[in-house]
Amino acid sequence: MTLNVASRLTAAVFGVVLAFQPVLTQAQLPDPWLGLVGEVEHTEGELAGQTTYRLYLYTAHDDDFLVSCSGDDDNPLYLTSTTEPAWFQHELATTAFATDINPAFFSTFPEFAFDSWLTIGAEDNTAAADVISLADPNYDAFAAFEAGENVAVTTTVGNAWFVLPIASNVEAISGDDYRVLVAQFTTSGEISGQIQCQVFLNGDNQNEFRQVLPILVACNDPEALNYEPLSYSADGCEYAEVDRIANLVTTHRIEAYPSPATDCTTVTFPAHLASSLAGAELRATALDGRIVQSWPVEGVTQHLDLHDLAAGQYVLTVAGVSDATLRFRGDLVVVK
């Protein structure tokens, strides 16, 4: 599903449409995967310098049904951009979901077409799909997202958006293009993250796929496993010698000691990955998704000054890793 007619007309005025031709392509991977596709590079007006992306769940069958997207402490959900604010959020949108978008306003407020939102299939309020959300009272990921913040769901209750597996929610079925729309992001930063996706394969609730999937860049090389003709990027292309793209992304543990810590702590990275960490940046992200402090990675063992960090729980991640298939994650608790 590409930008609708109103959006394409708006893009012609405010930016460069990267891809808008119809797509009829079957996912080549055996399991569902998340692919990021650039839609519009904005060159003028309020959004100049930003790019609008669509995130899709790609499937192997045309009748696969995306039931839910979620995250919790066992299966964290991260949506991050390297800029602050992370996401463009238009003032007309009152929730984090596409079903709050009324395309009738696009002609009057053209930037509204590029609002950042979450969904399952629907791209605006004209869709049949009814997207439902559940938020943890201790951390509302949807409020954070709508405020333009990065999202880090690591709580016990977690956050989820979903649709009921009924025939009327037709946009949740992958269909002839073998994909279901999951989100739209407008940002000037680099996007990364992961989402736990629940899929009924062939629409059968007795044949469930449920897994945390990394956000990958869909590839415009027809020889690649993650080929997407609408993509303008060859970054992240994966080829037949690998079994499946999700297996390529490996998360390695960042150890912090002591934790809880007061004024300082020492972090340790896997020694055999030292060369991949050259020039990278270690980040501390609060549970509301804000990147609150960062340090250049100086080696596989590094001492961190925590005087500027408030008491709380933080997720440690690494940005700028030379090998895109590597992820790093750790936990740090600060007490004062």
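Quick notes on this one:
- Any hit, segment 97-118, residues being more than 30 Å from GLU208 (Cβ to Cβ) and within 14 Å of the chain's Cα centre (by Cα): no
- Residues located in segment 61-83, provided they are part of a strand (DSSP E or B), in contact with a helix residue (DSSP H, G or I) (Cβ under 8 Å, 6 or more places away or on another chain) and surrounded by fewer than 24 Cβ atoms within 10 Å (Cβ to Cβ): VAL67, LEU77
- Residue in segment 209-223 that is in contact with a strand residue (DSSP E or B) (Cβ under 6 Å, 6 or more places away or on another chain), under 18 Å from HIS61 (Cα atoms) and surrounded by fewer than 17 Cβ atoms within 10 Å (Cβ to Cβ) present: yes
- For segment 62-72, the criterion of being within 18 Å of GLY193 (Cβ to Cβ), at pLDDT 50 or above and among the acidic types (Asp, Glu) is met by at least one residue.
- With respect to being in contact (Cβ under 8 Å) with a residue 40 or more places away in the chain, among the hydroxyl-bearing types (Ser, Thr, Tyr) and closer than 27 Å to LEU164 by Cβ, THR83 falls outside the description.
- Residue check: ASN102 meets all listed conditions (1) in contact (Cβ under 8 Å) with a residue 24 or more places away in the chain; (2) more than 22 Å from VAL37 (Cα to Cα) but one, namely (1).
- Between ALA98, ALA27, the distinction of being at pLDDT 95 or above and in the same structural domain as ASN207 (by TED's automatic domain parsing) belongs to ALA98 only.
- Exactly one residue out of PHE185, PHE112, PHE106 is in contact with a Leu (Cβ under 6 Å, 6 or more places away or on another chain) and buried (at least 18 other Cβ atoms within 10 Å of the Cβ): that is PHE112.
The values are calculated or read from the model by the stated rules, or taken from the named source; none is laboratory data. As the structure is a computational prediction, the values presented were derived from the model and not from experiment. FYI the Cβ positions are ideal-geometry reconstructions off the backbone, even for glycines, and counts take in every protein chain you see.
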